[in-house]
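The next block holds one structure in the form of structure tokens; read it before the comments.
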């Protein structure tokens, strides 16, 4: 897949190998001196590590600040803008200083997530000059559907995160229509339909 196709097609026909994905993630991280000393670990399938996944194309990422590790898995088929957005979300936590562990104050944790979301899309916009359609995929695919309208102490629900990003112009309100225009018939459609339901579609 060429670079231009990765801006419009969320998934590759063939997976990237681990070395290519690791190199790509390190390249994204190098833009931020706060990530110096972090190591990138790339997994194949979240289930190998006892983590939940609902489809082979679901991606997942987290940071372990004490060990200075950024861990990613399930992202080998993703287009680069989606990888950049998900990894940049974790970088946003590092740059924003949200690495001291979860606060007992839910509102503070939610603010950190909103900050990292906007940091991620600003980084994508800075790198591409715009936000490609494929960049929003991670927020739909990285969170299983029961997080859509369920808050936790650590994270606001995905619906609120998406709506905040849409209100600030980072993601389209009509993402479902955009995915259908791409001819995307994957697990991503299931998540995108949740947005359509919010608009009465």
Extreme residue, modelled with the highest pLDDT, among residues of region 132-152 that are under 24 Å from residue 73 (Cβ atoms) and assigned to a loop (DSSP other than H, G, I, E, B): 132
Contacts under 6 angstrom Cβ, first residue in region 59-79 being at positive phi, partner in a loop (DSSP other than H, G, I, E, B) and modelled with pLDDT of 90 or more, 6 or more apart: 68/37; 68/38
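The values are calculated or read from the model by the stated rules, or taken from the named source; none is laboratory data. Bear in mind that the values here come from a model prediction, so they are computed numbers and not experimental data. So basically every Cβ, Gly included, is an ideal-geometry build from the backbone, and we count neighbours across all protein chains shown.
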